[in-house]
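Notes follow the structure.
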Amino acid sequence: MRDITTLAKPDQPKMALKDAYSQALVELGRTNPSVVVLDADLALSTKTKRFGTMYPDRFFDMGIAELNLMGVAAGLAAAGKTVFASTFAAFATGQPYNVIRQSIAYANLNVKIVATHSGISVGGDGATHQMLEDVSLMRGLPNMRVFVPADGPQTADIIRLIAESPGPCYVRLPRGDTAILPGVYPTELGKAITIRDGRDITLIGCGTMVYETLRAADALIAEGVDPRVLLIHTMKPIDRDAILKAARETKGIVTAEEHSFYGGLGSAVCEVVSESHPTHVRRIGVRDTFGESGEERDLMEKYGLTWRHIAEAAREVLKA
């Protein structure tokens, strides 16, 4: 299990999750001859080019044609391949949505859509590329499982696990470097990770916001608050047991995601608790707006996606 004495350190090493993805793909290519990789003219940015260099006969660049990318991925999966299809999140979900729905999800085919450059932290590329609705879109599809890894090691674990688990998957990765969380822990599909147990308030983070959640927990601990911290990497199927346990044992929940606060982690948590054990939930996410061009950290501050915002939301829940 993860052993953490200090939840967040300012000098924590960082890694790009897309680098962890590419390394895992290369390993899979060596051990699993059925793995094929497709990209849409962004292989250098998504890092799938590394797989293509090692295994050129199993790599296909489909060009700027995302609908075709997903259609070919479906065809290869129907022929018995384990298919990884990658491009930026805005192009991986919004552009080819109906092809994903009809040809991959409806057919329940073994296609793993791994999208990079998600969320507001895409930065200077601006609103058109800052995909904030992708988790919502993919969560709504029957048969589709949805994952948002927190760091590089967890990304590699998830890629290996989904390669061995038949059926369609969506994996959401950011553009830049993300702090490698301290400690070692097992990643199980569909199971939340309790980073810290606590009785006062539960902080639930996913993706790039997990490190911010740890920083918020450190601030609360310094104030005498005893926070529980959950890392949820599987958005669907979500770990209902861990969420309900937190709802029963703590005084409220704060969720944190680099995504619209409609349809993502916060919505999923609210769905679970409202049906079985209602409790006070505050959602940290982008509030019904598009993004804009800017530096990553400035945008995270402007849109309320930092540890300070998480800690303040926790204080408000505890006062309610």
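How high is the relative contact order of the chain, in percent, with contacts defined as C-alpha pairs under 8 Å that are six or more residues apart?
Working: 736 pairs, mean separation 59.5, N = 320.
It comes to 19 percent, rounded to a whole number.
How much mean residue ellipticity at 222 nm does the chain get from its helices, if each DSSP H run of length 4 or more adds -39500 (n - 2.57) and you divide by all residues, to the nearest 500 deg cm²/dmol?
Working: 11 runs with 112 residues, N = 320.
Using -39500 (n - 2.57) per qualifying helix, the result is -10500 deg cm²/dmol.
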query: Where the centre of each part is set by its Cα atoms, how far does the stretch 160-208 sit from the stretch 25-74, in angstrom?
result: 24
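Expected output is a single nm value to one decimal: the length gained when fully extending between K319 and E27, i.e. 0.36 nm times separation in residues minus the C-alpha distance. What is it?
Working: separation 292, 0.36 × 292 = 105.12 nm, distance 4.96 nm.
Roughly 100.2 nm would be gained on extension.
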- line: Given backbone amide H placed at 1.01 Å from N, residues whose amide H is under 5 Å from that of V254, ignoring those fewer than 5 places away on the same chain, are T202, L203, I204, R282
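Taking every DSSP beta bridge with both residues inside the chain, roughly what % is antiparallel (nearest 5)? List each step's numbers first, then the result.
Numbers: 8 of 44 bridges.
Expressed as a percentage, antiparallel bridges in the chain total about 20.
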For semi-axes √(5λ) of the Cα gyration tensor in Å, calculated from these coordinates, the label among (1) 32, 19, 19; (2) 35, 23, 20; (3) 33, 23, 17: (1)
- line: Between D197 and D41, the two model label points (7 Å from Cα along the beta-carbon direction) sit apart by a distance in nm of 5.4
- request: Rank by packing, highest mean first: peptides 200-211, 151-162, 22-33, with packing defined as the count of other Cβ atoms within 10 Å averaged across residues.
  value: 200-211, 151-162, 22-33
field: Label-point separation, I64 to K14 (7 Å along Cα→Cβ), nm
entry: 2.9
field: Relative contact order [Cα under 8 Å, 6+ residues apart], the stretch 214-320, whole percent
entry: 29
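Applying a 10 Å radius around every beta-carbon, put 212-218, 231-237 in order of their mean neighbour count, most first.
Values: 212-218: 25.4, 231-237: 22.3.
In descending order of packing, they fall as 212-218, 231-237.
Packing-wise, with mean Cβ within 10 Å as the measure, how do 52-63, 69-80 rank, highest first?
In decreasing order of mean packing, 52-63, 69-80 become 69-80, 52-63.
Given R₀ = 22 Å, FRET efficiency for D241-L189 by Cβ-Cβ distance, to 0.05?
E between D241 and L189, to the nearest 0.05, is 0.95.
Any read-out appearing in this document is the output of simple, stated calculations on the displayed coordinates, not a laboratory observation. Bear in mind that the values here come from a model prediction, so they are computed numbers and not experimental data. So basically every Cβ, Gly included, is an ideal-geometry build from the backbone, and we count neighbours across all protein chains shown.
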